[in-house]
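No lab work stands behind these numbers, since they all come straight from the coordinates. This is a predicted model, so every value here is computed, not measured. When we count neighbours, we look across all protein chains shown, and the Cβ atoms used for this are built from the backbone with ideal geometry, even at glycine.
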Amino acid sequence: MNQKDIFKYDDKIVRNFAIATAVWGVVAMLVGVYVAFELVFPSLNVLPELTFGRLRPLHTNAAIFAFVGNGIFAGTYYSLQRLLKARMWSNFLSSFNFWGWQAIIVAAAISLPLGLTSSHEYAELEWPIDIAIALVWIAFGVNMFGTLIKRREQHLYVAIWFYIATCVTVTVLHVVRSLEIPVSIMDSIPVFAGVQDALVQWWYGHNAVAFFLTTPYLGLMYYFLPKAAKRPVYSYKLSIIHFWGLIFIYIWAGPHHLLYTSLPDWAQSLGTVFSLMLIAPSWGGMLNGLLTLRGAWDRVRTDPILKFFVVAVSAYGMSTLEGPLLAIKSINAISHYTDWTVAHVHVGTLGWNGMLTFGMLYWLIPRLYSTKLHSVKLANAHFWIATLGTVFYVVPMYWAGWTQSMMWKAFTPEGFLKYGNFLETVTQIIPMYAIRGIGGTIYLLGAILMIYNLYMTAKGHRVEDKEVAYPPREKHIKEKGEYWHKWIERKPIQMLLLATVLVLIGGIIEILPMVFIDKNVPKIASVQPYTPLELEGRDIYIREGCNNCHSQMIRPFRSETERYGDFSKSGEFVNDFPHLWGSKRTGPDLHRLGGKYPDSWHYNHMIDPTSMSPGSIMPAYDWLAKDDLDTKYTAAKIRVMQTLGVPYEHGYADIALDDLSAQAQVIVENLAADGIDQENLAQKEIVALIAYLQRLGVDARPK
């Protein structure tokens, strides 16, 4: 009789992450519902910390890193131990992973409403929190590979391939995107500027979706869907094609977020080509998941867990078809900067990540607490509520996006813009925003119902980790003619190295030419560095999250040049640390805003937007006229930017505050001439913001 090792799986860590997933999921959805209704009822922007610009990144970070992130850890810790027949390598690292991740989420929940942000989409957290993320993620990776090395199961199941690729790629993405120079304890300047920063951002941003919201969840799909269906994965060969094709191709697709911008055409074309190639492996994975249910379709009608999984995998297929289609230039010309993109993203978030997480929790909690689900009827009700909420969310957003694009591009027979006032497009879609908010509320109610059901399931059941017994791993002798992939499936380190090489190829080919070949970012002699006052105003613009609603990138379409002015050139952004091109136009583009209106217009627009733009849904920023401008770190910012190549004169940082005060006084005099007289106005934040807005686009504006 073979001797067996007796041990216990660490299910306490799984329970902790599962509970955190459910709780943070409700928090993320609640914030999402609130910001959705802020666009319908601007009066909800009651405090600086609760404005749309500050809460929107909190919603996205909570949904991605708190809800989905905890879901990844819960599913990975559960499945990894069972697939490897081994307890996690380190109890300490598991606990460090859990409590460190929750601390990061709390830090985000505090810092983002305070306006402490880098402005990089999905990477808004400042440098101390970035370091914490790196430490916690590395702890997770070390724990995972320690468990892989001591495993009792020789073969690495397909789900583990996706976990390995996720671990290495998220590390690379996070480190490169977080390259920045600190200015203060919660402020920093990125090392990339303008078009380079934009390329790095969407190389990161797209692949944060790919390798945080997709690949780990595909690993969870390959484990939990067969378990729930009680069926083997449909095709082992299709799993191989899905995995290797996906991790190699995905990393190239980021530039499709920058089509028709001032990014060089070669980079845009690479993004389009590889995005279209993504359809094949993505749909291979979707079909592999759905066909795993062959012979189990009768159970789908009655089993809510399988219903959640079917909709999740279907939503994965829909979003991974739509994404490549949106990377076609002619389609992207319609969709970009509109709510179509918002609809597309939420098909993936609500449908793929949300539904799969719900199904996983309904499967996990009864097993973690050694009991049955409290109510299958409530779980079924949750499924239909979540499905209804998703439909009510995405359909009006698609409608809003198409409406926006058609109105933006419409011309009269005489050749003039049919809707010259941007606000006409905003007021037209407010009813659709209201329906979207209702859809989000429905989805949130379903999640609350799930928490009640899972709480009742776990109530009164205090369980201990059960002992299991497995024989030690035996050394495998490679057989002659053995398929190469069988070999690598037993070699976690070799699989890690191969996955790393495939992932790095695309990033290196796309990013390095933009960083080291100067001609890819041609200079414009008239483009000068920002003045100290403009620099401080730009930081206020970033703090208030203005780039969440306004773009600074005029594309070479007649509809845009007629509306905004000359199209944007890459050389105009060489001093922009970070870039602020934006990804959504709830308000008009601002790149040629400078000099368009007098200083008094901007002052009144900030105090009461409707006084200058009747019907505006922009919040009032009246506190900017009350709060003093903090210039403590102005000199430090200039020194850092000089280090990064911004051509300030030697020693300029020492006299920067004098220039700041002089420029502020000029703006105050302009305001006084228009009847705006306020005590100590030159020291207020609103003056700095006006200075920045008046600078936008003037350096390279055609005469």
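Please give the helix 91-111 orientation as an angle from the longest Cα principal axis of the chain, in degrees from 0 to 90, rounded to the nearest 10.
Relative to the chain, helix 91-111 is tipped by roughly 20 degrees.
Take the alpha carbon gyration tensor of segment 1-132, find the square roots of its eigenvalues, order them as a ≥ b ≥ c, and report rounded if a/c is under 1.5; if not, report prolate when a/b exceeds b/c, else oblate.
Prolate, because a/c is 1.5 or more and a/b exceeds b/c.
Expected output is a single nm value to one decimal: the length gained when fully extending between Arg231 and Leu512, i.e. 0.36 nm times separation in residues minus the C-alpha distance. What is it?
Contour length minus the Cα-Cα distance gives 96.6 nm.
Between the alpha-carbon centers of segment 399-442 and segment 514-532, tell me the distance in whole angstrom.
35
So what's the Cα pair-distance distribution over the chain, bin width 10 Å, in %?
All Cα pairs considered, the percentages come to 3, 14, 24, 26, 17, 10, 4, 1, 0, 0.
Roughly what angle does helix 355-368 make with the longest principal axis of the chain, taking Cα atoms, 0 to 90 degrees, to the nearest 10?
Tilt relative to the chain: about 40 degrees.
Computed FRET efficiency, Cβ-Cβ of Met406 and Glu49, R0 35 Å: what is it to the nearest 0.05?
Taking R0 as 35 Å, the efficiency between Met406 and Glu49 is 0.45.
Once both labels are modelled 7 Å past Cα along the beta-carbon direction, what's the Ile241-Asp5 spacing in nm?
Taking the simple label geometry, Ile241 and Asp5 are separated by 3.7 nm.
Using the charge dipole of the chain (Lys, Arg: +1 at Cβ; Asp, Glu: -1 at Cβ; taken about the Cα centre), state which of Thr117, His206, Ala86 has its Cα farthest towards the positive end.
Ala86
About the Cα centre, and with charges only on the beta carbon of Lys, Arg (+1) and Asp, Glu (-1), how big is the dipole of the chain? Nearest 20 debye, please.
4280
Sort 61-68, 184-191 by the packing proxy (mean of other Cβ within 10 Å over each peptide's residues), most packed first.
Those peptides, ordered most packed to least, come out 61-68, 184-191.
Report, to the nearest 10°, how far helix 265-277 tilts away from the longest principal axis of the Cα atoms in the chain, using its own Cα long axis and a range of 0 to 90°.
30
Relative contact order (percent) for segment 532-695, with alpha-carbon contacts under 8 angstrom and 6 or more residues of separation?
It comes to 34 percent, rounded to a whole number.
How large is log10 I(q)/I(0) at q = 0.21, 0.22, 0.23 Å⁻¹ when the Debye formula is applied to the Cα atoms of segment 122-247, each weighted equally and without solvent?
At q = 0.21, 0.22, 0.23 Å⁻¹ the computed log10 ratios are -1.23, -1.30, -1.36.
Of the listed peptides 518-524, 322-328, what is their order by residue-averaged count of other C-beta atoms within 10 Å, with the highest listed first?
Going by the mean number of other Cβ atoms within 10 Å, highest first, we get 322-328, 518-524.
Lys/Arg Cβ at +1, Asp/Glu Cβ at -1, dipole of segment 532-695 taken about the Cα centre: which of Gly594, Cys549, Ile607 is farthest positive-ward?
Value: Cys549.
Mind jotting down the three principal axis lengths of segment 316-426 based on Cα atoms? Whole angstrom, largest first.
72, 26, 15
Cut-off is 10 Å between beta-carbons; in what order do Trp297, Trp484, Trp408 appear when sorted fewest neighbours first?
In increasing order of surrounding Cβ atoms, one gets Trp484, Trp297, Trp408.
What nm value, rounded to one decimal, do you get for the distance between Ala625 and Lys523 when each label is placed 7 Å out toward the C-beta?
4.2
Given 0.36 nm per residue, what is the gain on full extension from Ala296 to Asp674 after removing their alpha carbon distance, in nm?
128.7 nm
Which order do peptides 673-682, 217-226, 166-175 fall in by mean Cβ count within 10 Å, highest first?
Output ranking for 673-682, 217-226, 166-175: 217-226, 166-175, 673-682.
Please give, to one decimal in nm, the separation of the simple spin-label points placed at Ala636 and Leu179, each 7 Å out from Cα toward the Cβ.
Label at Ala636, label at Leu179, 2.3 nm between them.
Let me know the Kirkwood hydrodynamic radius for segment 532-695, please, with Cα pairs as the basis and the value in Å to one decimal.
16.8
For Ile138 and Val666 in one chain, what is 0.36 nm times their gap in residues minus the Cα-Cα distance, to one decimal in nm?
184.9 nm
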